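Below: one structure, written as structure tokens.
Nothing in this text is a laboratory measurement; each read-out follows from the coordinates by a stated rule. Just so we're clear, the structure is a prediction, and the values are computed from it rather than from any experiment. Neighbour counts are summed over all protein chains in view; Cβ atoms, including those assigned to glycine, are modelled from backbone coordinates with ideal geometry.
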Amino acid sequence: MLLFVNHNFIRTVIFVVSLFVMHTPIVYGDELDYQNRGDRWEGIKPQPVSGQDIELLSASVDHSENWKPLPSNCKLKFYLQSAVDIDIEVQELRPKHFYKMDRVIPKTTWQRGFNDFQWLTHDVIAPLNLKMTTLGIVARLAARSDTEHVAPVIFYHATPPTAINGYLFAFKVGGNAKLKYAIYQGKHQTPFIKDNLGRQYVGEPFVVYWDSRKAQAGAYELIVDGYFLNNFKPIHQVVHFYHQPLIKE
Amino acid sequence: MDNSKAIRSKKSIGTWLRIVPAKTGHLFTSLVKNVFKIGVQSIAILILVVITIAPLVYWLTMPIPTKIQADLMVDHVSFRLGATTDFRQAIKFHSATFREFEQVQFTPLNQGEALNTVHITGKNERLLPTLSLTTLMPDTTHFGVLHKLTTAKGAKIALSIKPGEGAYQALGIAIENDPNSLTTPLAILQHRGAFQVKTRHCQIDGIEYPTTFEVGDLSRRNPAIAITGQTDTLRIMLSVPANQDFDIVPSGLSITDLDLFWDEMVKGQRVVTTAVKQGEISYLTYSNVEPVSFGASKVSFGKADTFKIEKITYDANSKSLKIRLNGLAKNSIRTYLPDFPDNDREYRLTRADTIAKASKFSQVMFDILLWIIPIIIGVVGIVAITRIKLSDDDLTRLAKKLNKQN
């Protein structure tokens, strides 16, 4: 009797433990979580950090495409003056799902000239039903700082443009601020263009648009400056980028 | 004679030396056996009492659906509407900014004559177009009133209050429509006095227009400014007087979800901020139960479809939003400090709480019964064991008798 009870008891324990072990990945593992997808890290990323600052959310080329129905692939194209390491980051301009894609591993190292990268939408983008027009993309040539060096990105799925006519730079401030911006060409002291951004509110993204149809190829510098309204702390964000007006494959 | 006496005394000593340890051992063994028997029987009775009482204790200590009223002071709240709602709380503002809108329209006057209605739309949603309205009379504390806000059932509304400029606070209203909804958000404003329109990345009646222009007055036939949201969203930021209380939502607002924290993305990382600064939970049906207060905490209401928002008010004193919720807490209501998520507290009452707090008589009766029931079960256990033993003894004696006879 004792042997029979022990045997049954042991079997029951093993069964319950097995259920728990099998069940744990289903309950606690999530396919949409931020994780390594082979050639990139992508998913929903929850980690707490905060600060009063200005942040570059997107440096992209003005190019519109219809994203409905959602294509199977998203594509990026950007120009590099030399072969360097690039850190690509994709996130929502106004976070709703906290989608993030970064730590991209290209099939070949990034080259001088135009580079491409594409990734599947079915892993994360499709299940989240993301609005593609609200995604911000930054390709950084160096770590985040007050002076950013970026390669503006063409975000598309079907056909890239043949020429670049404008750029969108999206920012966000960590506190209510009064801002203005100017774009300088090369080492010129006189801005190519300047304007007032007025009052920008904490957490609300805003876009600086530059119509580059009349601009020559070359290095440019976007400066966004101003001050926080609560403590008059100065804001000064510089974004260096290279304008390559003609796109070659 | 002496020899036989010595021999007899030697024998008696020897016998005594043999018998005493044996008798002591026998006594000791008997004592141990009896203690063991008593111990086993006591444990058996204890197990019997525990098995009998445990379901009752479990039933008494399980949290039950409880009617509560929660008063919370927050910086941010979001909820999902249980029904299509028109907000008509007449919120005064000094300036207003609109984002994620489909169209803004109004009919300006020029020298008493109504001009054509102006339609302002965003050029391209990728440019994040904005439109701001500001009074041209700087001393005016408010020049506009958010007269009406129409939202659909299932829409998620997020309200936030943040410090603004000077004597104003920034009230944020974000509407996120249910994807299946056919009703787009609509805001109607009324104004007094001349105002300035400032646009970014917008176009007016399909043509380029100065990004900033002034409006003296609006047509008397159509004095309102109408802002139509995009199919799925509309965002409004109102600069409101910091020193005036005002209601924001209608009373008895039915909701299905409630969030008392907000997340944002900062430098690629998600920031989760607790919105509750302080709160109090009162038990409407049990006036004898003291309300429970808590400080800045994470608060979870679970599924909120059994709750109604009685009011959301801007409180000038605390520069916060005050929320009053009423409803039946079917799911767990918990508060915990952000850094100690495992140290939480449940706020629903248990049956034991409700019985104890019902009246003095029931409280005393309940306490007495809690003692008597286990004692009775224990006594029943002892009697049962004794009867079984007696029956065993009877059987043993009967068996012996039968053996003798045989």
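For this structure, a couple of remarks:
- Taking other C-beta atoms within 10 angstrom as a stand-in for reagent exposure, B:M73, B:M62 fall in the order B:M62, B:M73, fewest first.
- Lys/Arg +1, Asp/Glu -1 at C-beta; chain B dipole; positive extreme among B:P163, B:M237, B:F79: B:F79
- Cα-based values for chain B, radius of gyration first and Dmax second, are 39.7, 157 Å.
- Scanning chain B for DSSP H helices at least 15 Å long along the axis (C-alpha atoms) with a Kyte-Doolittle mean no lower than 0.0 picks out B:2-61, B:360-405.
- Scaled against the 2.2 N^0.38 Å expected of a compact globular protein of N residues, the Cα radius of gyration of the protein assembly as shown reads 1.48.
- Of A:R199, B:R334, B:R220, B:R99, the sequence from fewest to most neighbouring Cβ atoms within 10 angstrom is B:R220, B:R334, A:R199, B:R99.
- A:S72 versus A:K107: modelled label distance in nm, points set 7 Å from Cα along the beta carbon direction: 1.4 nm
- Take every pair of alpha-carbon atoms less than 8 Å apart whose residues are at least six positions apart; their mean separation over the length of chain B yields a relative contact order of 21 percent.
- Cβ-based charge dipole, the protein assembly as shown, positive-most Cα from A:I44, B:T107, B:V50: B:V50
- Between B:T52 and B:K303, the FRET efficiency estimated from the beta carbon spacing at R0 = 30 angstrom works out to 0.25.
- Counting every alpha-carbon pair across the stretch A:35-243, the share separated by more than 20 Å comes to 58%.
- Modelled FRET efficiency - R0 45 Å, A:H240 with B:Q190, Cβ distances, 0.05 increments: 0.40
- Cβ charges +1 (Lys, Arg) and -1 (Asp, Glu), total dipole of the protein assembly as shown, debye: 3760 debye
- Modelled FRET efficiency - R0 41 Å, A:K180 with B:T285, Cβ distances, 0.05 increments: 0.10
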